[in-house]
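K.L.:
Just passing along the structure, written as structure tokens.
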Amino acid sequence: MNILVIKASANSLFKDYKKASGTPPQSINALAAATPDSHYLTVWDETSMGPADPSVWPDLVAIFMSTPDAYRGYELGDYFRNQGVPVVFGGLHATFVPDETLQHADAIMLGEAENLWPTLLKDFELGYLDKRYESSTPPAMETIKPLPHQTMDLSAYGEFGMVMVSRGCKFKCEYCAVHRFFPTFRYRPVGEVVDEIRNSGLQYLELHADNLMADKDYAMELFQAIKPLGINWMAEATLNFAEHPELLEAAAESGLFSLLVGLETPAQSALDASGKRFMRVDRAKENIARLHEYQIAVDSAMLFGFDQHGPEIFEETLDFVDEIELDTCTSAILTPFPGTLLYERLENEGRLLTKDWSMYDCSHAVFKPALMSAQELEEGADWFHQKYNSLGRSAKRKVTRARNLGLMNSLYF
Ligand code: SF4
């Protein structure tokens, strides 16, 4: 059977953000890995490859998309169904907005796809599809297969590959969908991660996890195991990891060169209210300095629009990122993605301003903020973006980065 798997991506600022900050999408590549060899598969990532080729004539299409790309996904679904090709949707948006997605699909997969996809394919070969495929048990990490690295297009992602290490998170931040989509927090066996890295031939990669250092014993075992591979890797973890000197040293020696930390805001009260009390703003500068001792770059998004944020937050955040010497920073408007606790709360409070998913791109205020207007929030976020990227500030950051990361390393960022 010919199967076309698409990661839908609309032409938008969100697409640029994915290219600038992302690595190849886990969703479509994990589905490709879970597809039995008896099928012929074409994987199309619209972020890196542009619009999917409408002349491809598959027997079945599977579409994944983020919420801001939902209408592009629906457009693709409608197109292929009009051609008589059955369409299946999976991923976060389909899971959390199932009824709407089903209007453009023959079937949807709710939750992690690995357990559902082989059953769906068997049903399809027998001539029928259920509307919904879901499982009460997430796939065991021992059964997760290596990604198809040889066929992944890395050109849009700075030639960075990705190897999956864990799924889920032990924390439950209000604005985050990770703990709602992945019902349990679990790691792959270290040996399988090491084998996949070695066989992939990747030199630069993301060790994909939503919080890599959550289990410190696992992290230490992994770092010791990958050290001989001589790779350069980046990851996501909480900044508190820097408070564990042995773990930090092991991470650096195994090739960690850039860490994405979810610092989010200088307003501790906002972090506390969002379930992120463990992130301590007053220790941020010290912890970033610890990472800089190993020339590890530190990146974080700064989010605007928490209920504790008044109009002063934009200037306060600008001073904060300068003060703590954050190496790179992406600013975004807090966005209540469907499936998050934040979405549910704001909907219950009647504060959602729109359900036009194309506006859920982190550059629009889609809810009524508590301490300012939606217009003030958008203008303030824009003001921060302009100031942060001004020529003067960018030049100053280059000098600071060269001091903290070394001249050669700093040129990468
Ligand atoms: S924001 Fe980070 S720490 Fe919080 S639940 Fe999501 S992945 Fe976990």
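K.L.:
Suppose we filter region 237-251 for residues that are in a loop (DSSP other than H, G, I, E, B) and open to solvent by 30 Å² or more (accessible area, probe 1.4 Å); how many remain? Let's see the steps before the verdict.
P.N.:
Start the filter on region 237-251 by keeping residues that are in a loop (DSSP other than H, G, I, E, B), which leaves 237-238, 244.
Applying the additional criterion that residues be open to solvent by 30 Å² or more (accessible area, probe 1.4 Å) yields 244.
Here the count works out to 1.
K.L.:
When A370 is evaluated against the numbered criteria (1) open to solvent by 40 Å² or more (accessible area, probe 1.4 Å); (2) of a type in the set (A, V, I, L, M); (3) over 18 Å from E264 (Cβ atoms), which criterion, by number, is the only one it fails?
P.N.:
Every listed condition holds for A370 apart from (3).
K.L.:
Show the residue pairs meeting these rules: Cβ distance below 6 Å; 6+ apart or different chains; first residue within region 26-44 and assigned to a loop (DSSP other than H, G, I, E, B); second residue open to solvent by less than 40 Å² (accessible area, probe 1.4 Å).
P.N.:
Listed by first residue and then by second, the contacts come to A34/E114; A34/W117; H39/I3.
K.L.:
Could you check region 266-280 and list, in sequence order, the residues that are buried (at least 18 other Cβ atoms within 10 Å of the Cβ) and more than 17 Å from P311 (Cα to Cα)?
P.N.:
At the first step, the residues of region 266-280 found to be buried (at least 18 other Cβ atoms within 10 Å of the Cβ) are 266-267, 270-271, 274, 276, 279.
Listed by number, the residues that qualify are L271, S274, K276, M279.
K.L.:
Out of the helices (runs of 4 or more DSSP H) lying entirely within region 129-236, which hold 3 or more residues that are in contact (Cβ under 8 Å) with a residue 40 or more places away in the chain? If you could, list the steps in order and put the result at the bottom.
P.N.:
Details: elements: 178-181, 190-200, 216-226.
The helices (runs of 4 or more DSSP H) meeting that bar are 190-200.
K.L.:
Just give me the residues in region 273-287 being closer than 16 Å to D322 by Cβ and basic (K, R), in sequence order.
P.N.:
Of everything in region 273-287, just one residue is closer than 16 Å to D322 by Cβ and basic (K, R), namely K285.
K.L.:
Out of all the residues in region 2-35, which are out of contact with any Ser or Thr (no Cβ under 8 Å at 6 or more places or on another chain), modelled with pLDDT of 90 or more and open to solvent by 50 Å² or more (accessible area, probe 1.4 Å)?
P.N.:
none
K.L.:
Now a separate question. If you take the residues of region 43-83 that are closer than 21 Å to D153 by Cα and among the small types (G, A, S), which of them is farthest from the chain's Cα centre (by Cα)?
P.N.:
Top of the filtered list is S55.
K.L.:
Can you find even one residue in region 166-189 that is at pLDDT 95 or above, surrounded by fewer than 19 Cβ atoms within 10 Å (Cβ to Cβ) and away from the ligand (no atom under 16 Å from the Cβ)?
P.N.:
Yes, that holds for at least one residue.
K.L.:
Is there any pair with a first residue in region 359-379 that is closer than 15 Å to L346 by Cβ and a second that is in a loop (DSSP other than H, G, I, E, B) and among the basic types (K, R) whose Cβ atoms are under 6 Å apart and which are 6 or more apart or on different chains, and what are they?
P.N.:
Short answer, once both residue conditions are applied: F367/R351; K368/R351.
K.L.:
Just a yes or no: is a residue in region 307-319 open to solvent by 20 Å² or more (accessible area, probe 1.4 Å), farther than 24 Å from A365 by Cβ and touching a residue at least 40 places away in the same chain (Cβ under 8 Å)? Step through it out loud before you land on a result.
P.N.:
Step one: of region 307-319, the residues open to solvent by 20 Å² or more (accessible area, probe 1.4 Å) are 307-308, 311-312, 315-316, 319.
Checking the rest, the ones that are also farther than 24 Å from A365 by Cβ come to none.
Within region 307-319 (the criterion being open to solvent by 20 Å² or more (accessible area, probe 1.4 Å), farther than 24 Å from A365 by Cβ and touching a residue at least 40 places away in the same chain (Cβ under 8 Å)), the answer is no, since none of the residues qualifies.
K.L.:
What number of residues in region 141-162 are over 19 Å from V5 (Cβ atoms) and either in the same structural domain as T67 (by TED's automatic domain parsing) or open to solvent by less than 50 Å² (accessible area, probe 1.4 Å) (or both)? Break it down stepwise before answering.
P.N.:
Of the residues in region 141-162, the ones over 19 Å from V5 (Cβ atoms) are 141-143, 158-160.
Restricting the remaining residues to those that are either in the same structural domain as T67 (by TED's automatic domain parsing) or open to solvent by less than 50 Å² (accessible area, probe 1.4 Å) (or both) gives 141, 160.
Final tally of qualifying residues: 2.
The values are calculated or read from the model by the stated rules, or taken from the named source; none is laboratory data. Quick caveat, the model's predicted, so the values are computed rather than measured. Neighbour counts run over all protein chains shown; Cβ positions are idealised from the backbone, glycine included. These accessible areas exclude ligands, DNA and RNA; they are computed on the full protein's heavy atoms, side chains included. Shrake-Rupley method; radii C 1.70, N 1.55, O 1.52, S 1.80 Å.
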